[in-house]
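*Asks:* Handing you this structure, nothing more for now.
The values are calculated or read from the model by the stated rules, or taken from the named source; none is laboratory data. Predicted model only: the values in this text are computed from it and were never measured. So basically every Cβ, Gly included, is an ideal-geometry build from the backbone, and we count neighbours across all protein chains shown. Protein only, heavy atoms only, side chains kept; ligands, DNA and RNA dropped before computing areas. Shrake-Rupley method; radii C 1.70, N 1.55, O 1.52, S 1.80 Å.
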Amino acid sequence: MSVCPCRLLDQAKIDFDKCCKPYVDGLSQAPTTEALMRARYTAYVVKNISYIEKTQVSTPDEVFNKEEALKWADSSEWLGLEIKRTQKGEANDHTGIVEFVAHYKDKASGTELKHHETSLFTKQNDEWKFKEGQIHGAQPVKRLEPKIGRNDPCSCGSGKKFKKCCGA
């Protein structure tokens, strides 16, 4: 028995063939948003990026970048999926929310990372699709020191204006 990648962190280990494999292989459709979220995570683990593309809402103004998704999947060692909460998303619903944390390690640096997201799902033609996600913890970079203006004295101590010295 091979444990399904989406269940590596769970107490109840479920066989891959009985969990996400039928969904990722296109043999059946995920009945709930949680099942779809687990299958999408597993698709990254097994590098089936076509499944990721197939299970999301397509919009004309947004193009799915398969190469970038594959690059992320290839550069990561996937450690497990943690489902934080679900809201709606059952077979008879039309929308659903899944908050999850995907645990992974960057292969290049060896750094363990977490992708924490709340995802919104919707039904299209009676199939669950990923619509959009809100990533948690993504903070804008804050400058620790005041910005040096072009006409301020250069910080190197030359006595020249920044724009004529280090800012040139």
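*Asks:* What strands (runs of 3 or more DSSP E) completely inside the range 63-164 contain at least 2 residues that are of a type in the set (Asp, Glu) and open to solvent by 60 Å² or more (accessible area, probe 1.4 Å)?
*Replies:* Result: 76-88.
*Asks:* Here are some residues: LYS13, LYS54. Which one is open to solvent by 40 Å² or more (accessible area, probe 1.4 Å) and either polar (S, T, N, Q) or out of contact with any Lys or Arg (no Cβ under 8 Å at 6 or more places or on another chain) (or both)?
*Replies:* Criteria check complete, one pass: LYS54.
*Asks:* Now for a different question. Please go through the range 45-78 and pick out each residue that is among the hydroxyl-bearing types (Ser, Thr, Tyr) and modelled with pLDDT under 95.
*Replies:* Those that are among the hydroxyl-bearing types (Ser, Thr, Tyr) and modelled with pLDDT under 95: SER58, THR59.
*Asks:* Quick one: how many residues across the range 73-96 are within 21 Å of PHE16 (Cβ to Cβ) and not acidic (Asp, Glu)?
*Replies:* Residues flagged as within 21 Å of PHE16 (Cβ to Cβ) and not acidic (Asp, Glu) within the range 73-96 amount to 7.
*Asks:* Let me ask something else about it. Are any residues in the range 8-34 among the basic types (Lys, Arg) and modelled with pLDDT of 95 or more, and if so, which ones?
*Replies:* The answer is LYS18, LYS21.
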